[in-house]
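We did not get these values from a lab; they are worked out from the coordinates using the rules stated. Not measured: the values here are computed from a predicted model. Quick reminder, even Gly has a Cβ in these numbers, built from the backbone with ideal geometry, and neighbours come from all protein chains shown.
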Amino acid sequence: MAGRGVTTSIGTGPGRALIAVYGLFSLAAGSRAAVQIATRFGEAPLAYALSAFAAAVYILLTVALWRGARRLALVALGIELAGVLVVGTLSLLDQAAFPDETVWSVYGKGYLFIPLVLPLVGLFWLRRRR
């Protein structure tokens, strides 16, 4: 029953909203990356591979939050935040390396900066539900 309590504590209320948003981002980033890789990979391989990586992180987060795997979710949120910060900065400093946008380009500008805010909200939620 202890495992069930953990799932309930992070998967209720705003936790459900986080799961839904990460699920949506999984679909959006994954679909976008799949089409880009299948049709135009040679144009911007780094950007498209990073979008696929972001999609994988979002899938991992969706499942981790849904299953109540707090440690896995914390690690994945850290990876996501680092990815947004690193890719966001690099996409501003070296625009030639990013001829097309990724989910995390310019700190998620193409997604209304949600990729920058979302891991912070997730980290806050997990720390609050401790």
Just need the relative contact order of the chain here, percent rounded to a whole number, with Cα pairs under 8 Å and 6+ apart. 27
Beyond 19 Å, what percent of the Cα pairs of the chain remain? 47
Net +/- balance of residues flanking Ala29 in space, Cβ distance below 15 Å, scoring K and R +1, D and E -1: -1
